[in-house]
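The values are calculated or read from the model by the stated rules, or taken from the named source; none is laboratory data. This structure is a prediction, so every number in the text was calculated from the model and none was measured. Please note: Cβ atoms are built from the backbone with ideal geometry, for glycine as well, and neighbour counts cover all protein chains shown.
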Amino acid sequence: MSIESSVSSAPDGNYLLLVEDNLDDILLLSRALKKLGVTTPVKVLRDGEAALTYLQELHTASTENCIGCPELVLLDLKMPKVNGHEVLKVIKASPLFSNMPVIILTSSDEENDIKACLESGADDYLLKPVSFRDFVCMVQVLVNRWMGGTNCG
């Protein structure tokens, strides 16, 4: 699976949106998905500004239903340009996007970050595991809980 797989093959919204600036974390997620046999395409955006631009494009292209919207959003908090808190607020404030599951995947265990994200509508708040084994286990839980586990081998 390519790190930045094209979503054009998934017009029904059957893809994962990863908003992450750290290349190592992007590669870890890609490796974990591959190890688990997950074939869902992944769209990677490297900062919050790119995420907001992408969401605006989706909003413009959609009407009542969010056609082409991701099945799941994994969102880092500490990013350049626009942070994850702001991206989360935009997603959850939009009638078009508000039902998209957004999982915060971050290194921050600061109580203020956790509280702010959950109050803003994050569906879950997960700390990035240190070991690859733990990362794979976390991704397996995400796939089973948020993606129905159907794309996992």
Yes or no: Ala61 of a type in the set (Gly, Ala, Ser) and surrounded by 18 or more Cβ atoms within 10 Å (Cβ to Cβ)?
-> no
Return the total of residues in segment 34-75 being hydrophobic (A, V, I, L, M, F, W, C), without any contact (Cβ under 8 Å) to a residue 60 or more places away in the chain and under 21 Å from Ala122 (Cβ atoms).
-> 12
Which of the residues spanning segment 60-77 are under 14 Å from the mean Cα position of the chain (by Cα) and either more than 16 Å from Gly48 (Cβ to Cβ) or of a type outside the set (A, V, I, L, M) (or both)?
-> Cys69, Pro70, Glu71, Leu72, Asp76
Please state which one of Leu17, Leu52 is at pLDDT 95 or above and assigned to a strand (DSSP E or B).
-> Leu17
